[in-house]
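This report refers to the structure that appears directly beneath it.
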Amino acid sequence: GEQLQPWQRSFVTLFLRHREWYGKARLLLADEVGVGKTLSMAASAMLSALLGDGPALILAPATLTWQWQTELLDKLGIPSLVWSSQDQSWKDPNGHDLSPKKDPSFISRCPYKIAIVSTGLIMQQRQDGVFIREAGGLLSRRNYGIVILDEAHKARGHGKEKRVPNNLLAFMNQIAQRTKHIILGTATPIQTSIHDLWDLLEIFL
C-alpha cells in the first residue's frame, strides 16, 4: 500500500524527462533530512537499470550502504549487492557472498545491475593523484548507466584561487566522463561554501 510521495514522484519524473530530452541526466537533489531522498534516487536508479542504460553504482557512507540495500528491496522490490571491504566480496540482502572468491578485483565485477559501495573506500584509495587498484582505480575504469553519490557534500576541494579536489571529488570528476546519468544527493547544501557547491556542479560538466 506504499507509494512514492508527490515530491519523490516529481524528482523521478524530472530524471526521466532529462533522460529523454538530453540523453543524460545530471541532477543535484538537496531535499531536507527525512523527506525520502534515498527512495527518490533509488527509484531513478531502478528505472535506469530497467531501461537498459547500463550498470548502476551507488556510493554512500559505510553506515548507509545497508540502508540503501534494504530500501531498494523493501520499498521497490529490487535486489542489489553491497561490497564488503572486510570480506572482499559482494553481499546480497541476506548477507550471503556472491563473489566466487575473496578478491579485491571483484569490486569492478558486480553480478547484479545495482552495486552499492562505501565512499570510505574511495576517500582512502588515492596515492600521488592516481587511484590505486583495490577500489577507486577499478571502479573508475568502468562505464555506468547511472552513478549516485549520497552525502555528496563530502566531495569537495580546498583552496580558493585554485581548487584542489579531495579523493572523492577527484573520483567523481573522473567517473562522470564514463557515466550516462549522475545524481548527487545532499541534505546540507546550506552548510557548505559557495566554492563547495561549484565543486559539485562541475562534476556535471
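Read-outs: derived from the displayed coordinates by stated rules, not from any lab. It should be emphasised that the depicted structure is a prediction, and the values quoted were computed from it without experimental measurement. Note that each Cβ is placed from the backbone with ideal geometry, even for glycine, and that neighbours are counted across all protein chains shown.
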Task: Count of lysine pairs in region 1-150 with Cα separation under 18 Å (8 or more residues apart, or interchain) - done: 5
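Taking the highest mean first, how do the peptides 65-72, 180-187 order by number of other beta carbon atoms within 10 angstrom per residue?
Top to bottom by mean Cβ count within 10 Å: 180-187, 65-72.
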TODO: Only helical DSSP H runs with n ≥ 4 go in: add -39500 (n - 2.57) per run for the chain, normalise by residue count and round the 222 nm mean residue ellipticity to 500 deg cm²/dmol.
DONE: -10500 deg cm²/dmol
Task: Contact order relative to length of the chain, as percent, for alpha carbon pairs under 8 angstrom and 6 or more apart - done: 24
Task: Phi to ³J(HN,Hα) by Karplus 6.51 cos²θ - 1.76 cosθ + 1.60 over region 156-170, Hz, x for Gly, Pro - done: 8, x, 9, x, 10, 5, 10, 6, 10, x, 6, 4, 5, 5, 4
- [ ] Take each of the peptides 94-105, 151-162, 53-64, 38-49, average the number of other beta-carbon atoms within 10 Å over its residues, and list them starting from the highest.
- [x] 38-49, 53-64, 151-162, 94-105
- [ ] Show me 22-29, 168-175 ranked by packing, highest mean number of other Cβ atoms within 10 Å first.
- [x] 168-175, 22-29
Open item on the list: Roughly how far apart, in whole Å, are the Cα centres of region 135-178 and region 21-62?
Closed with: 16
